[in-house]
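Asks: Quick one: the structure is below, and I'll ask about it shortly.
The values are calculated or read from the model by the stated rules, or taken from the named source; none is laboratory data. Remember, it's a predicted structure, so these values are computed and weren't measured experimentally. Glycine gets a Cβ as well: all are built from the backbone with ideal geometry, and neighbour counts include every protein chain shown.
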There are 2 protein chains.
Amino acid sequence: MKRIKCKVAYDGTFFNGFQIQPKGRTIQAEIEKGLQKLHKGTQVKIYASGRTDTFVHAKGQVFHFDTLMDIPLERWHNAIQTVLPSDIEVLEVNEVSIEFHSRFDVVSKEYRYFVQRGRRMDVFRRHYRYFYPYQLSIENMVQASNQLIGTHDFTSFCSAKTDKEDKVRTIYSIEIIEKEDELEFRFVGDGFLRNMVRILVGTLLEVGRGRRQPEEILNVLDSKDRERAGHTAPGHGLFLWEVNYDN
Amino acid sequence: MKRIKCKVAYDGTFFNGFQIQPKGRTIQAEIEKGLQKLHKGTQVKIYASGRTDTFVHAKGQVFHFDTLMDIPLERWHNAIQTVLPSDIEVLEVNEVSIEFHSRFDVVSKEYRYFVQRGRRMDVFRRHYRYFYPYQLSIENMVQASNQLIGTHDFTSFCSAKTDKEDKVRTIYSIEIIEKEDELEFRFVGDGFLRNMVRILVGTLLEVGRGRRQPEEILNVLDSKDRERAGHTAPGHGLFLWEVNYDN
């Protein structure tokens, strides 16, 4: 038996999120269906680094699966791509040790969130950028984001629907980059709770708009109360950018 | 009665082209439906600079319509946007003379065509770029394109389905621009026949790939035979970029 690690990009627009659901098209279901075809009808279960929500995209999601198929490594890439739909793209395929686990072995993850500013929503970016047509103080947003870096209990920035008990996570860095009419947020951390990046972005945007003071952030963290943080920015501006492992 | 000139962008992905069809969602139908709603049920017919095919996008399509509604000019923009779907964006609204006609008064048009190169198709560009993973000689393509500039009978570069008798058109300029892993074609001319830009691009790409010699182009033009030109590049790489009028 071989364990195969696979890195994919996907356009989340036409998916009902990553995880298999009773209804709706999901990324996991499409990949497992494709692999089952490749394995001549044998079911293949995949294990991903984590889920992504409805409309959320990936530039570097990672999953693994086990196989008895004897395909040379260099052929796996095309073999998998052939059985996937056009909105899932295989980026890399590797054979890994049978000990490797896509979720448990994650060392860090990077998420990026993109905002389109300006007066009118650009039709060509409507599925990939959160349109937020307000004046923003980047300085205040950076000041607020600096208080989020480090190890904190992120209960206030987590959806109540989470199944995780431990809400302590470490954010290694937050960058806020202005590019033409866009704002790009880059979050690197050891892990992120459900909706965490989207609530962080929603809250930082409210700071940028002047609806909250940058100093408030520490109080919000301390309160451990989701009601105290800002709105959940929509899924379609979010990209799971990279998942890092030790080797 | 007032004549209103309106400039719009649209993402052609989910449209069955511009012109109203018995079946399928079209840009004209969506706009006329919206304007009818705005006019409290009265039908409003629009006249565009020309049609665009299925999957073809626009960054600057122009149409006009006549109205008895007494809306101040500065309110028209939002009034129209409100009744349009999210994949059609109003860019500009002007009141024009009752003599103005969006199609007959066109002085020149610009189309741009985008190609994605490289080994793998990028999922995020699949609806907006023609994926063409072949080695290309840009030099040969430029040489071939230079022979297309000027006034010619473009019968060889026109779909048989056209309803136009006169196939003589003038191309003012063709630019071919390399940008990272993309190739961008810019065509400016006094008008373009059905599928003309797509057949020009298909033929130029075949020259770039070495399947045709640059010198062949004049023979293809002379032959007045669609069979002699190259393939029709797909609609989703094409953008109606700008329509120019005298005033």
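Asks: Residues that are at pLDDT 95 or above and in contact with a Cys (Cβ under 7 Å, 6 or more places away or on another chain): does the range A:107-118 have at least one? Talk me through it step by step, then tell me what you get.
Replies: As a first pass, look at the range A:107-118 and keep what is at pLDDT 95 or above: A:107-117.
Cutting the leftovers down to in contact with a Cys (Cβ under 7 Å, 6 or more places away or on another chain) gives us none.
Within the range A:107-118, none of the residues are at pLDDT 95 or above and in contact with a Cys (Cβ under 7 Å, 6 or more places away or on another chain).
Asks: In addition: Could you list, in sequence order, all residues of the range B:136-151 that are surrounded by 13 or more Cβ atoms within 10 Å (Cβ to Cβ) and touching a Ser or Thr at 6+ places or on another chain (Cβ under 8 Å)?
Replies: Within the range B:136-151, B:144, B:149 meet the criteria.
Asks: Working only within the range A:88-115, note down all residues that are in contact with a Lys or Arg (Cβ under 8 Å, 6 or more places away or on another chain) and within 12 Å of another protein chain (Cβ to nearest Cβ).
Replies: Within the range A:88-115, A:89, A:90, A:91, A:92, A:114 qualify.
Asks: Just one of B:85, B:133 is on the phi < 0 side of the Ramachandran plot, surrounded by fewer than 18 Cβ atoms within 10 Å (Cβ to Cβ), touching a Gly at 6+ places or on another chain (Cβ under 7 Å) and within 14 Å of another protein chain (Cβ to nearest Cβ); which is it?
Replies: Values: B:85 fails: touching a Gly at 6+ places or on another chain (Cβ under 7 Å).
Only one candidate qualifies: B:133.
Asks: Looking for something in a loop (DSSP other than H, G, I, E, B) and at pLDDT 95 or above - is there at least one such residue anywhere in the range A:58-66? I'd like the intermediate steps shown before the answer.
Replies: The initial filter retains those residues of the range A:58-66 that are in a loop (DSSP other than H, G, I, E, B), namely none.
The answer is no; no qualifying residue exists.
Asks: Step by step: first the residues of the range B:22-45, then only those that are assigned to a loop (DSSP other than H, G, I, E, B) and crowded, with 18+ Cβ neighbours inside 10 Å, then the one that is nearest to the chain's Cα centre (by Cα). Which residue is that?
Replies: Kept after step one, since they are assigned to a loop (DSSP other than H, G, I, E, B), are these residues of the range B:22-45: B:22-26, B:39-45.
Then keep just the ones that are crowded, with 18+ Cβ neighbours inside 10 Å; that gives B:26, B:44.
Details: B:26: 15, B:44: 23 Å.
Within the range B:22-45, the match that is nearest to the chain's Cα centre (by Cα) is B:26.
Asks: Any idea how many residues of the range B:1-21 are within 12 Å of another protein chain (Cβ to nearest Cβ) and either surrounded by fewer than 18 Cβ atoms within 10 Å (Cβ to Cβ) or among the β-branched types (Val, Ile, Thr) (or both)?
Replies: Within the range B:1-21, residues that are within 12 Å of another protein chain (Cβ to nearest Cβ) and either surrounded by fewer than 18 Cβ atoms within 10 Å (Cβ to Cβ) or among the β-branched types (Val, Ile, Thr) (or both) number 3.
Asks: Please go through the range B:35-46 and give me each residue that is more than 25 Å from residue B:105 (Cα to Cα) and either in contact with a Pro (Cβ under 6 Å, 6 or more places away or on another chain) or touching a residue at least 12 places away in the same chain (Cβ under 8 Å) (or both), ordered by number.
Replies: B:37, B:38, B:39
Asks: Within the range B:47-81, take every residue that is in contact (Cβ under 8 Å) with a residue 24 or more places away in the chain and farther than 30 Å from residue B:158 by Cα and give me the one that is nearest to the other protein chains (Cβ to nearest Cβ).
Replies: Filtering the range B:47-81 down to residues in contact (Cβ under 8 Å) with a residue 24 or more places away in the chain leaves B:47-69, B:76, B:79-80.
Going one step further and asking which of them are farther than 30 Å from residue B:158 by Cα, we end up with B:66-69, B:76, B:79-80.
Numbers: B:66: 25, B:67: 22, B:68: 27, B:69: 22, B:76: 14, B:79: 14, B:80: 12 Å.
Filtering first and then ranking leaves B:80.
Asks: Another one. For the condition assigned to a helix (DSSP H, G or I), surrounded by 16 or more Cβ atoms within 10 Å (Cβ to Cβ) and touching a residue at least 24 places away in the same chain (Cβ under 8 Å), what is the one hit in B:243, B:207? I'd like the intermediate steps shown before the answer.
Replies: Numbers: B:243 fails: assigned to a helix (DSSP H, G or I).
B:207 is the lone residue from the list that is assigned to a helix (DSSP H, G or I), surrounded by 16 or more Cβ atoms within 10 Å (Cβ to Cβ) and touching a residue at least 24 places away in the same chain (Cβ under 8 Å).
Asks: Only one residue in B:112, B:119, B:129, B:125 is without any contact (Cβ under 8 Å) to a residue 60 or more places away in the chain, under 20 Å from the mean Cα position of the chain (by Cα) and under 26 Å from residue B:179 (Cα atoms). Which one? Walk me through it before giving the result.
Replies: Details: B:112 fails: without any contact (Cβ under 8 Å) to a residue 60 or more places away in the chain; B:119 fails: under 20 Å from the mean Cα position of the chain (by Cα); B:129 fails: without any contact (Cβ under 8 Å) to a residue 60 or more places away in the chain.
Only one candidate passes the filter, namely B:125.
Asks: Considering the range B:160-175 alone, what residues qualify as being in contact with an Asp or Glu (Cβ under 9 Å, 6 or more places away or on another chain) and under 19 Å from residue B:202 (Cβ atoms)?
Replies: B:167, B:169, B:171, B:175
Asks: Those residues that are exposed (fewer than 12 other Cβ atoms within 10 Å of the Cβ) and in contact (Cβ under 8 Å) with a residue 24 or more places away in the chain, I need them from the range A:93-108; list them, please. Let's see the steps before the verdict.
Replies: Residues of the range A:93-108 that are exposed (fewer than 12 other Cβ atoms within 10 Å of the Cβ), as a first pass: A:97-99, A:104, A:107.
Once the filter is applied, which keeps residues that are exposed (fewer than 12 other Cβ atoms within 10 Å of the Cβ) and in contact (Cβ under 8 Å) with a residue 24 or more places away in the chain, the range A:93-108 yields A:97, A:98, A:107.
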